[in-house]
There are 2 protein chains.
Amino acid sequence: MGDMRGLKILSTLAEDGHLTVELVEENLPPPTGHELLIRVEATPINPSDLGLLLGPADVENADYGDGRIVATMPDSARRAMAARVGQALAVGNEGAGMVVAAGDAAQAQALLGKRVSCVPGGMFAQYRLVDARAVMALPDGASAEEGASAFVNPMTALGFVETMRREGHEAIVHTAAASNLGQMLVRIAREDGIPLVNIVRSQAQAATLEALGAEHVLDSSRADFHDRLLAAIEATGATIAFDAIGGGTLVGQILHGMEQALAKGAAYSRYGSDRLKQAYIYGALDTTPTVLTRSFGFSWNVGGWLLTPFLQRAGAETVERMRRRVRDNLTTTFASPYKARLSLQDVLTRDAVLTYNARRTGEKYLIVPNG
Amino acid sequence: MGDMRGLKILSTLAEDGHLTVELVEENLPPPTGHELLIRVEATPINPSDLGLLLGPADVENADYGDGRIVATMPDSARRAMAARVGQALAVGNEGAGMVVAAGDAAQAQALLGKRVSCVPGGMFAQYRLVDARAVMALPDGASAEEGASAFVNPMTALGFVETMRREGHEAIVHTAAASNLGQMLVRIAREDGIPLVNIVRSQAQAATLEALGAEHVLDSSRADFHDRLLAAIEATGATIAFDAIGGGTLVGQILHGMEQALAKGAAYSRYGSDRLKQAYIYGALDTTPTVLTRSFGFSWNVGGWLLTPFLQRAGAETVERMRRRVRDNLTTTFASPYKARLSLQDVLTRDAVLTYNARRTGEKYLIVPNG
């Protein structure tokens, strides 16, 4: 078999601050050893992909050409992105597709002709070479659309629950909880009997989660939010939070609520409760600073949470258990609905960019590179 | 032996927001079992004692009577202190004194007539009952003044170094570094060969640390502070910080500097370096919110650090090793100079309060309850 030709999307930030996102043709050599050549059938646009694809570039006033966007990156962001200048970066964390060629290794050969899901990066492409040891074979009959989002959101939601257990907590607070990830977490928590406090930003989002059977759903836009937050934390005993927002005072409010709940009936200590209150920031929906009032004693921790380092720490056995659960419940617990399907060409049009880049909660888009 | 009578200081916050700090007489029963009765000879006023003694009460406009202060607590602080309302709290974490009576237990009897150092709380008193198993016998010939501050600052400074090692870091950033604690840390770091970045707030403080032989001393009031911080972090490889200030942007600046140093020469990742950058806040010299820009990827952690929970986690063997080091170096590495000595009556006078409550860096006061 000779080289395979296909299109892929690359994103390049130039020294002068111009970001170019374009469709280019590439040659893929035949797979060797444990490699698989995958014909990509479906790949979702996750918030984490948008950071790499466009970041905070001015897409409103960009030039949209034939298979090419040129946009200006704000000065503030350019400094933070100095390390990517001049590099043509492939985009697209995860997706599903057919194995159309395989290296000599038995593990690779066994997957030939099968549909697999994987998270190698660079999936906004028609073809992709991946490592057979890192893919997940989809169950017989599963569609590419069903398997496209089998990694990032499902493993993140399960990762929250694993983190909670490993660190000795018994209930979770989750923000931006109406997201696709948040809905999975509601289903997981119900299946596992884990008390979950869901914080959303509108009544419509609250209704979405209540329809899924979520018990504690708090709308942060309501005047009584703080009181309801305290009551829900008391009712659940939550001492760990996962926050997708990052900026503003919400993380501090949650830690304050946890401290207030722990202080009830306890002896006074000017250092606060000695029970650790933990918040993890895993997203950046609000890029303004995190503002912590520190009205929650000295036993607290706020940190970043990322899937890949978590999986490395968790170890192979835990990761395999998590993956098996995802594979066994792909169309139920871990189902991802999509708002629309886009071709690779569509992804680079103005209308599409302004739509998918708005990152509306619960509106997820799927790229069909060979559609 | 009958009861012993002595004076002690109590601090009480009333429902109406008035804080009363007063000298009261108490009866102490004869010690039993492992108890020791200590005649307190010297007890320092630490920043952590001031939080309990006075907190943010309006001492400028307080009523100063005979052995009694009545001050108003600001409304904002009253809410945070709801749990202490109505309780007469004894003050004074640590100190040194003579064992004048002991319970029957052999460990207690062995200390009779000896001078000991301890950290039982309630040491702003003429006599104190303490547990023989928790005291440290001072070396022969050591004065009470030399042993008065043998716990809080020495164990905290050693605790920073232990924490650094346990969590896999190799160099430390320390803020408010000209404090008594900071000076100890400079000496410990030099003895142990640990690179230390000292951040101070004036040229005079910088000179104090340079006179101790500190290599990296940065004055945050200088215009080139940020550049010098980055250079010092690069030179030392520091990935852990201990911060006494709490409020403002300094913790975020330190994490940003660590990230910049780690990013140099590394491949671009929009998630930042995967090396964990850790900051611990152990004080609250600035009670305004902590403001984090999160310009340092996702591998970061900011948390509270307190001595007591650290010692509990560290285990008996480590704690004993730390205590031995303090006892063996009481007048060198761990020496605490005092600005002035106060009687218990002095502590409640306006002049003294306005002086010791100003918490000037490097100015520490010693109470001599039986002087």
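Here residue A:363 meets the list (1) open to solvent by 40 Å² or more (accessible area, probe 1.4 Å); (2) in contact (Cβ under 8 Å) with a residue 40 or more places away in the chain; (3) charged (D, E, K, R) almost entirely, failing just condition (2).
How many residues are of a type in the set (A, V, I, L, M) and more than 14 Å from chain A (Cβ to nearest Cβ) when one looks only at the stretch B:69-102? Residues in the stretch B:69-102 being of a type in the set (A, V, I, L, M) and more than 14 Å from chain A (Cβ to nearest Cβ): 9 in total. Of all the residues that make up the stretch A:234-257, how many are open to solvent by 10 Å² or more (accessible area, probe 1.4 Å) and closer than 17 Å to residue A:272 by Cα? The number of residues fulfilling the criteria is 4. Residue-level analysis places residue A:40 outside the set of residues that are closer than 17 Å to residue A:85 by Cα, surrounded by 14 or more Cβ atoms within 10 Å (Cβ to Cβ), at pLDDT 95 or above and not assigned by TED's automatic domain parsing to the domain that holds residue A:181. Note on the stretch A:337-352: residues that are farther than 16 Å from residue A:9 by Cβ and open to solvent by less than 20 Å² (accessible area, probe 1.4 Å) total 0. Selection within the stretch B:183-219: residues that are of a type in the set (Asp, Glu) and touching a helix residue (DSSP H, G or I) at 6+ places or on another chain (Cβ under 8 Å). The member of this set that is least open to solvent (accessible area, probe 1.4 Å) is B:219.
The criterion of at least 1 residues that are within 23 Å of residue A:266 (Cβ to Cβ) is met by the following strands (runs of 3 or more DSSP E) wholly inside the stretch B:15-85: B:18-28. Against the conditions (1) more than 20 Å from residue B:299 (Cα to Cα); (2) modelled with pLDDT of 95 or more, residue A:296 satisfies every one except (2).
Taking the criterion of being facing chain A (nearest Cβ under 7 Å) and of a type in the set (A, V, I, L, M), the residues of the stretch B:292-313 that qualify are B:292, B:302, B:306. With respect to the conditions (1) buried (at least 23 other Cβ atoms within 10 Å of the Cβ); (2) within 15 Å of residue A:320 (Cα to Cα), residue A:134 lacks only one, and its number is (1). Within the stretch B:209-232, being touching a strand residue (DSSP E or B) at 6+ places or on another chain (Cβ under 8 Å) and either farther than 22 Å from residue B:292 by Cβ or within 14 Å of another protein chain (Cβ to nearest Cβ) (or both) holds for B:209, B:210, B:214, B:215, B:216, B:217, B:219. So is residue B:86 at pLDDT below 95 and open to solvent by 20 Å² or more (accessible area, probe 1.4 Å) or not? So residue B:86 fits the description; yes. Summed over the stretch B:55-79, residues that are open to solvent by 60 Å² or more (accessible area, probe 1.4 Å), over 26 Å from residue A:297 (Cα atoms) and free of Cβ contacts under 8 Å to residues at least 60 places away in the same chain total 3.
Of all residues in the stretch A:233-291, those that are in a helix (DSSP H, G or I), among the polar types (S, T, N, Q) and more than 10 Å from chain B (Cβ to nearest Cβ) total 2. Evaluating residue B:360 against the criteria (1) within 12 Å of chain A (Cβ to nearest Cβ); (2) at pLDDT below 95; (3) out of contact with any helix residue (DSSP H, G or I) (no Cβ under 9 Å at 6 or more places or on another chain) leaves one unmet condition, (1).
The values are calculated or read from the model by the stated rules, or taken from the named source; none is laboratory data. It should be emphasised that the depicted structure is a prediction, and the values quoted were computed from it without experimental measurement. Here Cβ is always computed from backbone atoms with ideal geometry, including for glycine, and neighbour counts include all displayed protein chains. Keep in mind that these areas ignore ligands, DNA and RNA; they rest on the heavy atoms of the full protein, side chains included. Shrake-Rupley method; radii C 1.70, N 1.55, O 1.52, S 1.80 Å.
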